[in-house]
Amino acid sequence: MKKIFNSLLLLLCAACVLTACKDDRDSNPTIKQPTSFVLNTPALADQFIKLSADNKVNLSWSQPDYGYNALATYQVQVGLTADDGSVKWLEEDGAPKYLETTFTECNVNVSGAEIAEAICELDGFEDKDEYVDMGYRKIAFRVHASILSSLGADVPGTVIESNTVYFNNLAAYCNIKSLGYLYIVGSCNGWPEPSAKNAEALYDWRIYETEIGSKVYKGEVEMPEGDLTFRFYSELTGWGDWKEGDSDDKLLGSIGWQKKDESAVYEFTDGVFEGACMRGKGAWQFNGFAGGTMAITVDRIQNKVKFEMVN
């Protein structure tokens, strides 16, 4: 009887093990490499669409068949279509470059701003002064699908690319992701008006962000000998007509040591000057400047400037 009881226990344990293994396989299904992934022809493919920071472009696609209801991640790639039908895809270092926003759904609205930024990059525009409106064009789209690991990498065997679809009349706008810059305007370059007509004259009088969005600007500039007076401009929209009591909006893009349009005389200490800055028209003045290369830092986060003579 004891032997029979032990045998029954063994059979029950084996059944439990088999059930547990089956349950484990059910919760960890085998991933199947998908073979079909269809990006649908856009409903507005032939409409004239002008992109903006506020509008969106709708795309929809089929869900790749991974053998179970998998949570896939989708990335959108944009391309320019040539007259011969070939597509120049957005790439970086020879690898596909996708729009920043990723999706987990199959019907999405893609940011017009992100698409315009991609088109500007494809056109080779590096800053807003270079931008030219290219009008309505045939823009290509395709989608990359995969299952991502916990580290955000594509799981091998899950990657599939969609077919290509087109918007036949899509127009971008100037949305260039690049380093910001400030213009130097003063006696060093003859006080040209900070306006669009003088963009070329002021092109070489710019200092750039240390990285995109940092708001810390640095550069080395050759300054002439003599009494030196200057301030900075963040945009070429004119001098502005600010007076005491006015809104700061009337300062336009000017950056100086104070709001009021007056210069103040300063001196270097061991070849270095450090001070405060603000949105304003007060210019820095250095009398009897010996001339030479000046390293300039303008920190718009801390609202500080540093001018240093380079040996």
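Okay, here's what the table says:
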| item | result |
| --- | --- |
| Candidate set from the stretch 216-239 (those that are part of a loop (DSSP other than H, G, I, E, B) and either in contact with a strand residue (DSSP E or B) (Cβ under 7 Å, 6 or more places away or on another chain) or of a type in the set (A, V, I, L, M, F, W, C) (or both)); member that is surrounded by the fewest Cβ atoms within 10 Å (Cβ to Cβ) | 225 |
| Residues (over 25 Å from residue 176 (Cβ atoms) and hydrophobic (A, V, I, L, M, F, W, C)) located in the stretch 38-66 | 38, 39, 43, 44, 45, 61 |
| Yes/no for residue 177 being modelled with pLDDT under 95 and either surrounded by fewer than 18 Cβ atoms within 10 Å (Cβ to Cβ) or over 28 Å from the mean Cα position of the chain (by Cα) (or both) | yes |
| Verdict on residue 79 being of a type outside the set (D, E, K, R), in contact (Cβ under 8 Å) with a residue 12 or more places away in the chain, outside any helix (DSSP H, G or I) and surrounded by fewer than 16 Cβ atoms within 10 Å (Cβ to Cβ) | no |
| Those strands (runs of 3 or more DSSP E) lying entirely in the stretch 255-311 with at least 1 residues open to solvent by 30 Å² or more (accessible area, probe 1.4 Å), among the aliphatic types (A, V, I, L, M) and in contact with a strand residue (DSSP E or B) (Cβ under 8 Å, 6 or more places away or on another chain) | 272-276, 304-309 |
| Lone unmet requirement of (1) within 14 Å of the chain's Cα centre (by Cα); (2) modelled with pLDDT of 95 or more; (3) not in a helix (DSSP H, G or I) for residue 100 | (2) |
| Members of the stretch 46-62 that are assigned to a loop (DSSP other than H, G, I, E, B), over 19 Å from residue 169 (Cβ atoms) and modelled with pLDDT of 95 or more | 62 |
| Residue list for the stretch 200-232, filter: in contact with a Ser or Thr (Cβ under 6 Å, 6 or more places away or on another chain), closer than 18 Å to residue 127 by Cβ and not β-branched (Val, Ile, Thr) | 218 |
| Neighbours by Cβ (under 9 Å, 6+ apart or cross-chain): first from the stretch 56-67, on the phi < 0 side of the Ramachandran plot and free of Cβ contacts under 8 Å to residues at least 40 places away in the same chain; second of a type in the set (D, E, K, R) and surrounded by fewer than 22 Cβ atoms within 10 Å (Cβ to Cβ) | 65/32 |
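Let's see how each residue does on (1) farther than 23 Å from residue 117 by Cα; (2) loosely packed, with under 11 Cβ neighbours inside 10 Å; (3) of a type outside the set (Phe, Trp, Tyr):
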| residue | (1), (2), (3) |
| --- | --- |
| 39 | no, no, yes |
| 45 | no, no, yes |
| 50 | no, no, yes |
| 56 | no, no, yes |
| 59 | no, no, yes |
| 63 | yes, no, yes |
| 66 | yes, no, no |
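Yes or no, residue by residue, for (1) of a type in the set (Val, Ile, Thr); (2) farther than 30 Å from residue 311 by Cα; (3) modelled with pLDDT of 95 or more; (4) touching a Gly at 6+ places or on another chain (Cβ under 6 Å):
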{"site": "241", "(1), (2), (3), (4)": "no, yes, no, no"}
{"site": "250", "(1), (2), (3), (4)": "no, yes, no, yes"}
{"site": "257", "(1), (2), (3), (4)": "no, no, yes, yes"}
{"site": "263", "(1), (2), (3), (4)": "no, no, yes, no"}
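The values are calculated or read from the model by the stated rules, or taken from the named source; none is laboratory data. Being a predicted model, the structure only gives us computed values, none of them experimental. So basically every Cβ, Gly included, is an ideal-geometry build from the backbone, and we count neighbours across all protein chains shown. Remember, those area values only see protein heavy atoms, side chains included, never the ligands or the DNA or RNA. Shrake-Rupley method; radii C 1.70, N 1.55, O 1.52, S 1.80 Å.
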